[in-house]
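Coordinate-derived values only; no laboratory data. Just so it is clear, the model here is predicted, and its values are computed rather than measured. Neighbour counts run over all protein chains shown; Cβ positions are idealised from the backbone, glycine included.
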Amino acid sequence: MCLERLVQAALGGGVCLNLENEAIDTLYLLRGNVGAAAANMRAIKFSALVFGIFVLAALTAQAKQETWVEVRSPNFVVLSNAGEKQARKTAVQFEQIRALFRQTFQFANNAPSPVITIFAVKDESSLHELLPEYWAKGHAHPAGIFFSRLNQFYVAIQLDAPGDNPYMGIYHEYYHSISLPFFPGMPVWLAEGLADFFGNSRIDGDKAYMGDPDPGLIQLLRQERLIPLDVLFSVDHSSPYYNEQNKISVFYAESWALTHYLFIGDGGAHRQLLNNYLTLLGQGATQQDAAAKAFGDFGKLQLTLQSYIQNDRYYDLHAPAPPKLADADLTARTLSEAEVDAERGGFEAARGRLEDAKPLLDDAVRLDPKLALARQNLGILELFEGQKDEAIDSLSQAIALDPKNGTAHYLRAYATASSGGLIADDQQLEGDLRQAIAQDPTFAAPYAMLAVYLAANSDASPEALSLAKKAVELQPGTAEYQVNLAQVLMRMRRYNDAQLLLQRSRIEAASPVERGRIDQMLTVLQQFRNNPESMGPAPSENQPPLPTLQHRPESAPAAGSASSDSTPQSASREISGVVISVSCGQGIQVQVQAASGATYRLHVAPGAQFHFEMDAQPPTGFNPCSSIKGLHVTAHYTPDDADGETGTLELLEIEIRGLPAR
């Protein structure tokens, strides 16, 4: 049977969840003391639920002396201090899990997925050295973590971790990384429920098992009050049920239980309800309306779910295990000390531990000045530090050492755009983006950036449109690429098409923040529709891009931003105050007066991109160039001098709800 609408509703057709070769069995009879079973649960599960964003820490000097091997498979790079045999086993294991997930979604058989670097360490002591903060008082000791930023994806695992499936939390996050880029508008409860369902997958010989019942979640649900279903169905990424630690476990557990019930409960008898729900969402219904029409009486469904949770009989899915990779598909080698330092430095830089990354990358460059990876990761570090010129220089050196390094080309273009915007006639930026696409035609980000560049600066509007569409095709669930496509359409004066795209994207937006950004773009669109001359000459003439209202890529924090687990050092500063003047004549000039009375003069060069964020939908006719005077704002900027009273604006958070000071 094929659960076709599960994905078709989200993507608008052509995708199918394929269960034709899978069977539903009563493989688990949970009787007696479920709590005792839960006591043996893997720490990684609740680590994933509590922390949400995962990070890695530095190796000690002793670890530097260990021998590290690298095993490469088609989709993973395994770095291990446990020897080649264990590294090969890890690569094969993760390739099988990847194949299992991709077989589940027919669309994914040919869809791209990122290459992931896995630090596979031999024991708990080694993982402790990698992740010392998780051994601090009050923290769970994970068996592994998953982390990504700026299109760099990392996993760290303890190879001798106890339990039947110690990497369940890793698989949960990996499932997200494969599926979410293709699922615009997937309700949060279902996205998390599916990630938990498929995250609890295991391969045993020639069989693969998915949807194993989770004793820890079952015990939690039997002890705690369930979230009312009308609330569960309305949870988004800003909801306290999703973010507050005292509620997040119940939210995950109940989402898993409801997904499990609808998906395979009673032998799959309720699957059509899930089909109907997703079909209604795909037709534009709100989550509440879709749930009411598909599931009927919420009170009755809640009682049924409670009964299901109390039941000691659960189903799972089983299917033939994906074939193992042949030895010929794997390559192995021993890493040099410089390479270990470069990998570890990239690790630390990607998670914002800049003070730990710097000495490692400096050592890597010193030990091997011709190592392109060291220069590339040093460039990433400098980009996060706000040292954009230095980042461009380091990435240029990486490209000189390895001209076919598509990642370095994209990163240099990203750093160039961050430093000076999508400036007209920047041949290096355009060349870098084209080279990045040539080296990896499945990488969406350079398509999107090149599309906006061409639409703003050349006569290549048809090519810009094609590139923007390609980015959306590669990752239809990424709101940023939808907004980029809308920008290109606006540049081409195709206002109706841009409006339809933005309105659809708003329905599919994952959070109020995304919806707010799309609302901003709709406001800008209406202004240009009413007054096309305000947009400037037609696209055939060189013009700077529109002021961007797209969000910062989640994987690329702005200078000065920080994850919840660490605070990267950066040259960026933040001030709050009232806008006392604003001008958009030659670039953007904003003066902000802080409560102390100090006045800050912030600017954005013509053609440069920066970001607006607002705490509410702007009123009709709102124009950032004329409507923010008197409003309270928080500005993130890079100082021009030591005094810090002038600087380059990066992000302006505008308080719409607050009363303007007059």
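Observations on the structure shown:
- Separation of the S581 and D160 label points, Cα + 7 Å toward Cβ, nm: 6.9
- Trypsin sites (Lys or Arg not before Pro) lying in DSSP loop within the stretch 385-488, provided at most 13 other Cβ fall within 10 Å: K404
- Under Karplus coefficients 6.51, -1.76 and 1.60, residue-wise ³J(HN,Hα) of the stretch 381-391 in Hz, glycine/proline x: 4, 5, 5, 5, 7, x, 8, 6, 5, 5, 4
- Farthest toward the positive end of the dipole of the stretch 380-522, out of S418, Y453, V488, is the Cα of V488, where the dipole comes from beta carbon charges about the Cα centre.
- When the chymotrypsin sites (Phe, Trp or Tyr not before Pro) in the stretch 440-472 are filtered for DSSP coil states and for at most 13 other beta-carbon atoms within 10 Å of their beta-carbon, no site remains.
- Amide H contacts for E650 (H built 1.01 Å from N in the peptide plane; partners 5 or more residues away or on another chain; cut-off under 5 Å): H636, Y637, T638.
- Built amide H within the under 5 Å cut-off of Y314, gap 5+: Y28, L30
- Length added when fully stretched, D297-D206, from 0.36 nm per residue minus Cα-Cα: 28.5 nm
- Chain lengthening between Q283 and E653 when straightened (0.36 nm per residue, less Cα-Cα): 129.9 nm
- Each Lys or Arg adds one and each Asp or Glu subtracts one; over the other residues with Cβ under 13 Å from the Cβ of Y175, this totals -1.
- Descending semi-axes in whole angstrom, ellipsoid equivalent of the stretch 407-506, from the Cα gyration tensor: 22, 15, 11
- Three-way shape label, the stretch 131-255, alpha-carbon gyration tensor, a/c 1.5: rounded
- Trypsin sites (Lys or Arg not before Pro) restricted to DSSP loop in the stretch 180-245 with at most 14 other C-beta within 10 Å: R225
- Extension reserve of the E473-T304 stretch, reckoned as 0.36 nm per residue once the Cα distance is removed: 56.9 nm
- Computed FRET value (nearest 0.05) for K85 with H237, which takes r as the C-beta separation and R₀ as 45 Å: 0.60
- Unsatisfied cross-links (Cα-Cα over 21 Å) in the set K89/K370; K89/K404; K89/K122: K89/K370; K89/K404
- Along the stretch 347-353 the Karplus relation, 6.51 cos²θ - 1.76 cosθ + 1.60 evaluated at θ = phi - 60°, assigns HN-Hα couplings of 3, 5, 4, 5, 9, x, 8 Hz to successive residues, with x for each Gly and Pro.
- Vicinal HN-Hα couplings computed from phi for the stretch 165-174 (Karplus, 6.51 cos²θ - 1.76 cosθ + 1.60; Hz; Gly/Pro x): 9, x, 9, 4, x, 4, 5, 4, 5, 5
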